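Nothing in this text is a laboratory measurement; each read-out follows from the coordinates by a stated rule. For clarity, every value in this text was computed on a predicted model and none was experimentally measured. Virtual Cβ from ideal backbone geometry, glycine too; neighbours counted across all protein chains shown.
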Amino acid sequence: EIPHYYLSRDLDVGSLESWLAERNAQRPIAERTLPAACLVRAVALAAARHRELNGFWIGDHFEPAESVNVAMAISLRRGGLVTPQIEHADERSLDEVMTALGELVSAARTGNLKASWMTGATITVTHLGDTGADLVHGVISPPQVALVGFGRSRPRPWAIDDSIVVRPVVTAT
């Protein structure tokens, strides 16, 4: 009933990984930022800029959402998947997104998710990089109109100006 098409793009994440390593080296382990938090924040900012991907398909038309509420696909240790949301993710700092993401993962894996976290998401992110997957084609959760999937970072040849170098690359779908 819902037409699907998939787009993918390879992204050089070398600058992000270097910046994260530098940032995290100066922080206690409990305050370090995971790449997933950066990806959620990037999707939130992109959805705020490109409103046609942030909203709902209702009946026969698109209804843009007022806020950007990013759901994060979280696998459960005994199997299954949940997609709780970070409300107003585009308005949160990276540290706030990381804190919210940590709370969601902990609550999901201990069975303590709040009902309010499970409804109202306007776009979903799935990140399977830590499982070793190179890319993911996720399933969009109606009435949402978009899901962004990220695979693992891996070294790949990359053209910069007139040179070929090896850079860490993530495939986004």
Subject >> Nearest-0.05 FRET efficiency for GLU87 and TRP57, computed from C-beta distance (R0 22 Å) >> reply: 0.60
Subject >> Förster radius 45 Å - calculated FRET efficiency between VAL166 and ALA115, Cβ distance, rounded to 0.05 >> reply: 0.45
Original post:
Which value at 222 nm does the chain reach when only helices count, each DSSP H run of 4 or more adding -39,500 (n - 2.57), with the total divided by all residues and rounded to the nearest 500 deg cm²/dmol?
Top reply: -8500 deg cm²/dmol
Subject >> the chain, relative contact order [Cα under 8 Å, separation at least 6], % >> reply: 25
Subject >> Separation in nanometres of the label points that stand 7 Å from Cα toward Cβ, at LEU11 and ARG77 >> reply: 3.0
Original post:
For TRP158 and HIS50, FRET efficiency with R0 = 25 Å and r from the beta-carbon atoms, rounded to 0.05?
Top reply: 0.50
Original post:
By DSSP, what percent of the beta bridges with both residues in the chain are antiparallel, rounded to the nearest 5?
Top reply: 75
Subject >> Relative contact order (%) - criterion: Cα under 8 Å, at least six apart; region: region 98-156 >> reply: 30
Subject >> Structure-derived mean projected area of the Cα convex hull in nm²: which label, when the choices are [x] 11.6; [y] 12.1; [z] 9.8 >> reply: [x]
**OP:** Mind checking the full-extension length gain between GLU103 and HIS137? Use 0.36 nm per residue of separation minus the Cα-Cα distance, one decimal, nm.
**Re:** 9.7 nm
Subject >> Gyration tensor (alpha-carbon) shape descriptor, region 29-123, a/c threshold 1.5 >> reply: oblate
